[in-house]
């Protein structure tokens, strides 16, 4: 977007020398230039979109998949109707080859219907793909199954993801606009349900922002970072950073890897947010302020603070969470919720 700062670029990036520890420690978005340039699908796409489509067709497993289909009138933006109660596209089930056929039949159409396959597990739909398209994360002890995103000119509205993310642009170019997590209020998040892609999105139209209706969006723009990814480039998106993604070509493919640095037995914080909305948001202000202090003490401050004055044997929930403790907490919560 106009005036946004560029994201730092790591030139001549190599998957066998991926500076992953530094990326995680810095917690800042970084472009890894050309890290997937030699991948077979990237090279096919550089020849033509038809070659890229043919490359994928040869790998399609024929399993049922879910995809989004919108009419030409949505202009490539899977979103909401006017009052945010329904989505402006339909979700269909089919096979990937049908989606590829649909996209290919509209490559030269200036206003095509919108086809969008989002977050499809690669090993399920394209067996064998990962053998020759791999960043080597598993060799570094990171469990991050590859997901593939396929479509024509599609806009993914601004949203955040809880895990860290490596997004590899393989076919077509993609424009990313990123915002740090603290901009949540200025991005005007929409409903929890329904959502265009399973996650809360900003309701601001980035192409034509309404600053009368959404005046704080101008503050968000002052913090925006942008990157234009070419085929073979990747972008590291730190956990919780908001990102708006625009696919720029008639055929586009991205593969991404999500992973959490925390142990697998730690649950997602999102259910805790839902529970807090239910139990605390509508309390009187003085009670909410008191609970904010409680949460800061027990949760958002240093992890050891709340139990540091107690003997180890007495800390119970205040001790570091391990797998056994996580199972016990889960059982306790389920029992209370089911009363």
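The values are calculated or read from the model by the stated rules, or taken from the named source; none is laboratory data. Bear in mind the structure is a predicted one, so any value in this text is a computation, not a measurement. Because the Cβ atoms are built from the backbone with ideal geometry, glycine has one as well, and the counts that use them run over all protein chains shown.
Does residue 315 satisfy being without any contact (Cβ under 8 Å) to a residue 24 or more places away in the chain and either in contact with a helix residue (DSSP H, G or I) (Cβ under 8 Å, 6 or more places away or on another chain) or surrounded by 11 or more Cβ atoms within 10 Å (Cβ to Cβ) (or both)? Reasoning before the result, please.
Details: without any contact (Cβ under 8 Å) to a residue 24 or more places away in the chain: yes; either in contact with a helix residue (DSSP H, G or I) (Cβ under 8 Å, 6 or more places away or on another chain) or surrounded by 11 or more Cβ atoms within 10 Å (Cβ to Cβ) (or both): yes.
For residue 315, the condition - without any contact (Cβ under 8 Å) to a residue 24 or more places away in the chain and either in contact with a helix residue (DSSP H, G or I) (Cβ under 8 Å, 6 or more places away or on another chain) or surrounded by 11 or more Cβ atoms within 10 Å (Cβ to Cβ) (or both) - is met.
Run residue 64 past the list (1) in contact with a strand residue (DSSP E or B) (Cβ under 8 Å, 6 or more places away or on another chain); (2) at pLDDT 95 or above; (3) surrounded by 13 or more Cβ atoms within 10 Å (Cβ to Cβ) and report the number of the one that doesn't hold.
Here residue 64 meets the rest and fails (3).
Looking at 107, 120, 100, can you tell me which residue is in contact with a helix residue (DSSP H, G or I) (Cβ under 8 Å, 6 or more places away or on another chain), assigned to a loop (DSSP other than H, G, I, E, B), closer than 20 Å to residue 170 by Cα and assigned by TED's automatic domain parsing to the domain that holds residue 254?
Exactly one residue qualifies, and that residue is 107.
Could you list, in sequence order, all residues of region 265-288 that are in contact with a helix residue (DSSP H, G or I) (Cβ under 6 Å, 6 or more places away or on another chain) and modelled with pLDDT of 95 or more?
280 - this is the single residue of region 265-288 that is in contact with a helix residue (DSSP H, G or I) (Cβ under 6 Å, 6 or more places away or on another chain) and modelled with pLDDT of 95 or more.
Select from region 64-84 the residues that are within 23 Å of the chain's Cα centre (by Cα), over 19 Å from residue 245 (Cα atoms), touching a residue at least 40 places away in the same chain (Cβ under 8 Å) and not in a strand (DSSP E or B) and list them in ascending order.
Passing the criteria: only 84.
Results for (1) assigned to a helix (DSSP H, G or I); (2) at pLDDT 95 or above, shown as yes or no for each residue.
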position: 1; (1), (2): no, no
position: 13; (1), (2): no, no
position: 16; (1), (2): yes, no
position: 24; (1), (2): yes, no
position: 35; (1), (2): no, yes
position: 38; (1), (2): no, yes
position: 43; (1), (2): yes, yes
position: 50; (1), (2): yes, yes
position: 55; (1), (2): yes, yes
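For residue 204, all conditions in the list (1) closer than 22 Å to residue 153 by Cα; (2) surrounded by 19 or more Cβ atoms within 10 Å (Cβ to Cβ); (3) out of contact with any helix residue (DSSP H, G or I) (no Cβ under 7 Å at 6 or more places or on another chain) hold save one; what is the number of the exception?
Single failed check for residue 204: (3).
Yes/no matrix, rows are residues, columns are (1) without any contact (Cβ under 8 Å) to a residue 40 or more places away in the chain; (2) out of contact with any helix residue (DSSP H, G or I) (no Cβ under 9 Å at 6 or more places or on another chain); (3) assigned by TED's automatic domain parsing to the domain that holds residue 163:
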| site | (1), (2), (3) |
| --- | --- |
| 12 | yes, yes, yes |
| 20 | no, no, yes |
| 27 | no, yes, yes |
| 35 | no, no, yes |
| 41 | no, no, yes |
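Go through region 135-160 and give me each residue that's part of a loop (DSSP other than H, G, I, E, B), in contact (Cβ under 8 Å) with a residue 24 or more places away in the chain and surrounded by fewer than 18 Cβ atoms within 10 Å (Cβ to Cβ). Please lay out each step first, then the result.
First pass over region 135-160, keeping only residues part of a loop (DSSP other than H, G, I, E, B): 135-137, 141-145, 152-154, 160.
Of the ones still in play, those that are also in contact (Cβ under 8 Å) with a residue 24 or more places away in the chain are 135-137, 142-145, 152-154, 160.
Scanning region 135-160 gives 136, 142, 143, 145.
Which condition breaks for residue 291 when tested against (1) modelled with pLDDT of 95 or more; (2) surrounded by 15 or more Cβ atoms within 10 Å (Cβ to Cβ); (3) not assigned by TED's automatic domain parsing to the domain that holds residue 26?
All conditions are met except number (2).
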